[in-house]
1. Between A:S5 and A:L96, what is 0.36 nm times their sequence separation minus the Cα-Cα distance? Round to one decimal in nm.
2. Could you work out the Rg to Rh ratio of region B:9-59, with Rh taken as the Kirkwood radius (inverse of the mean 1/r over all Cα pairs)?
3. For the pair A:T76 and B:T72, what calculated FRET efficiency results from E = 1/(1 + (r/R0)^6), where r is the Cβ-Cβ distance and R0 = 30 Å, to the nearest 0.05?
4. Would you pull out the residues with amide H under 5 Å of A:S5's amide H, same chain only if 5 or more places away, H placed 1.01 Å from N?
5. Kindly flag which residue pairs out of B:K3/B:K52; A:K78/B:K3; A:K57/B:K3 have an alpha-carbon separation exceeding 28 Å in this structure.
6. Regarding chain A, what's the average projected area of the Cα-atom convex hull, expressed in nm²?
7. Which number do you get for Rg(Cα) / (2.2 N^0.38 Å) in region A:48-108?
8. At most 12 other Cβ atoms within 10 Å and a DSSP loop assignment: could you name the trypsin sites (Lys or Arg not before Pro) in region A:32-100 that fit?
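The values are calculated or read from the model by the stated rules, or taken from the named source; none is laboratory data. Computed from a predicted structure; not experimentally measured. No Cβ is skipped: glycine too gets one built from the backbone with ideal geometry, and neighbour counts run over all protein chains shown. What goes into the accessible areas is simple: the full protein's heavy atoms, side chains included, and nothing from ligands, DNA or RNA. Shrake-Rupley method; radii C 1.70, N 1.55, O 1.52, S 1.80 Å.
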Amino acid sequence: GAGVSQSPRYKVAKRGQDVALRCDPISGHVSLFWYQQALGQGPEFLTYFQNEAQLDKSGLPSDRFFAERPEGSVSTLKIQRTQQEDSAVYLCASSLSWIGQGSLEAFFGQGTRLTVV
Amino acid sequence: DAKTTQPPSMDCAEGRAANLPCNHSTISGNEYVYWYRQIHSQGPQYIIHGLKNNETNEMASLIITEDRKSSTLILPHATLRDTAVYYCIVRAASGGTSYGKLTFGQGTILTVHP
């Protein structure tokens with residue numbers, strides 16, 4: 001498809017389980033972002049990639065959260081030993097431009113809803 | 001990035017113009033104003049952005065005051081499909097490592113009614 005694709009759309013994990021969330025950005029997009037959105041809140045920044053380089057991971061809430069984009073296209077957000085407070089929608093976005101270019105039009109996927117029980 | 005203030009909710013009649021205000025009194029000279037919206041159960045969607053001048057595209061118009069301390073997003077003929085949360089975001093154009101991120105606030109819930 002032409003848009004940002006995320007999988008799975010829904011994930012239920014038992015507390016303590018590891019999960020991996022996948023993001024397929026728009027082909028050719030240099031920049032890739034991960035956001036976390038709790039119920040009733042706006043999205044909150046987690047991390048940013050420019051190609052395969054992770055330039056900003058300041059938003060990752062703990063060392064249980066890890067993101068990678070090894071070939072500069074598909075990205076995976078991994079959460080180890082999930083906790084109930086990790087329950088949220090995880091959004092991925094990509095952009096043709098890179099930071100420093102000025103404007104930034106980001107295209108978001110539909111997100112993965114993670115529920116930790 | 002500068003903080004923004006938006007009303008928590010607004011109503012609009014279908015077919016009328018929806019004017020969504022945003023205050024960003026601490027905006028600095030190199031910061032853009034962006035608008036995104038989020039329809040229920042979908043990811044945010046880019047609408048428009050601007051630096052100093054007013055901007056218009058096929059979705060909306062963005063009016064930025066001369067002192068750049070506030071802006072208004074205008075949906076000229078609102079439809080029921082425009083019901084969404086609208087986010088006003090300011091973001092630095094360049095410099096440092098934080099300008100990669102978009103800082104969403106709580107946004108304005110716009111309800112378009114028949």
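1. Working: separation 91, 0.36 × 91 = 32.76 nm, distance 1.55 nm.
Stretched out fully, the A:S5 to A:L96 stretch lengthens by 31.2 nm.
2. Rounded to two decimals, Rg/Rh equals 0.99.
3. The value I calculate is 0.15.
4. For A:S5, the qualifying residues are A:D24.
5. Over 28 Å apart, Cα to Cα: A:K78/B:K3.
6. 6.9 nm²
7. Values: Rg = 12.9 Å, N = 61, 2.2 N^0.38 = 10.5 Å.
Scaled against compact globular proteins, the figure is 1.23.
8. Values: sites: A:K57, A:R64, A:K78, A:R81; in loops: A:K57, A:R64, A:R81.
In loop regions of region A:32-100 (DSSP not H, G, I, E or B), the sparsely surrounded trypsin sites (Lys or Arg not before Pro) are A:R81.
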